[in-house]
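Contents: one structure, followed by commentary.
Computed from the coordinates by the stated procedures, all read-outs in this text should not be read as laboratory data. Just so we're clear, the structure is a prediction, and the values are computed from it rather than from any experiment. Virtual Cβ from ideal backbone geometry, glycine too; neighbours counted across all protein chains shown.
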Amino acid sequence: MKKIYAKKDYPLDQIRRHLEPGPIVLVTSHWQGRDNIMTMGWHMMMEFTPALFGCLISTIDHSFEMIRKSKECVINVPTVDLADEVVGIGNSHGTRLDKFRKFGLTRVAAEEVGAPLIGECYASFECRLHDGSLIPKYNFFIWEVVKAHVAASPKYPKTLHYRGAGEFMVAGRAIDLREKFKKQNL
Ligand SMILES: Cc1cc2nc3c(=O)[nH]c(=O)nc-3n(C[C@H](O)[C@H](O)[C@H](O)COP(=O)(O)O)c2cc1C
């Protein structure tokens, strides 16, 4: 018998604590000779081919104008060993600060865009703006990933997933349900 939950009213402004998908990513940008990094949890996959990815970048972030103007960024995926950097980068503004230097991270040149990859992240996705029509209303950017870099190991990276209010989950046990899948690619 599966458990049926008795649910209570829940504050609408806290639903993100259950729906935020993760993994937490570090978004790098480059504009007018300067690089920056921000932490991001509000993002989603949108299409297989072309590889579309959407994300929410607040106007209060220094990265917002850098990314809006350059129309490019790199989405870097950190693992739990970078947890302190994830929090530090998400709690500082790159207006004058060089976050690569401050957090001891390594810039690696991208192939297709001006923003650098972060060497310490196991995956980095170079993005070009695909559709900016939702930026004015929702600060929502729709990207096409034009180049993907992923390390061969670890196979199951211990990524960070945000629960809000400073709490994170770490990706855990993998379960293999492939034999139950009827549709390709899902
Ligand atoms: C765990 C975490 C998740 C975050 N997710 C987002 C997000 O999805 N979108 C956003 O605009 N800011 C997000 N932030 C806030 C930015 O990372 C933060 O405002 C950062 O200081 C921006 O840096 P910048 O001003 O140098 O661009 C997040 C911060 C943390 C700590």
Handout entry: Exposure rule at most 16 other beta-carbon atoms within 10 Å, DSSP loop trypsin sites (Lys or Arg not before Pro): the chain longest free segment
Key = 9-70
Completion exercise
Given unit charges at Cβ for Lys, Arg (+) and Asp, Glu (-), the dipole magnitude of the chain about its Cα centre in debye, nearest 20, is 660 debye
Problem - Relative contact order computed over the chain (Cα-Cα under 8 Å; 6+ residues apart), in percent - result: 24 percent
Exercise for the section: For n ≥ 4 DSSP H runs only, could you compute -39500 (n - 2.57) per run for the chain, divide by its residues and tell me the 222 nm figure to the nearest 500? Expected result: -3000 deg cm²/dmol
Practice task
Would you give the gap between the C-alpha center of the stretch 118-151 and the C-alpha center of the stretch 3-30, rounded to a whole Å?
Solution key: 21 Å
Handout entry: lysines whose Cα lies under 28 Å from that of LYS2, excluding same-chain neighbours fewer than 8 positions away
Key = LYS180, LYS182, LYS183
Exercise for the section: Pop a pseudo-label 7 angstrom from the Cα along the beta-carbon direction at both HIS93 and MET46 and give the gap in nm to one decimal. Expected result: 2.8 nm
Exercise for the section: Would you compute the Debye intensity of the stretch 72-186 from its alpha-carbon atoms alone, equal scatterers and no solvent, and pass along log10 I(q)/I(0) at q = 0.09, 0.18 Å⁻¹ to two decimals? Expected result: -0.33, -1.21
Handout entry: Contour minus Cα-Cα distance for LEU56 and LYS137 (0.36 nm per residue)
Key = 28.1 nm
Exercise for the section: With just the Cα atoms of the stretch 97-146, tell me how far they stretch along each of the three principal axes, in Å, largest first. Expected result: 35, 25, 18
Handout entry: Mean Cα-pair separation over length for the stretch 1-73, i.e. relative contact order, pairs under 8 Å, 6 or more apart, %
Key = 26 percent
Fill in the blank from the handout: note: the stretch 62-129, Cα-Cα separations exceeding 18 Å make up a percent value of 39 percent
Exercise for the section: Would you kindly state how much longer the chain becomes between ASP13 and HIS149 on full extension, computed as 0.36 nm times their sequence separation minus their alpha carbon distance, in nm to one decimal? Expected result: 45.4 nm
Completion exercise
1/(1 + (r/R0)^6) with r = Cβ-Cβ of ARG163 and ARG107, R0 = 35 Å, i.e. FRET efficiency to nearest 0.05, evaluates to 0.70
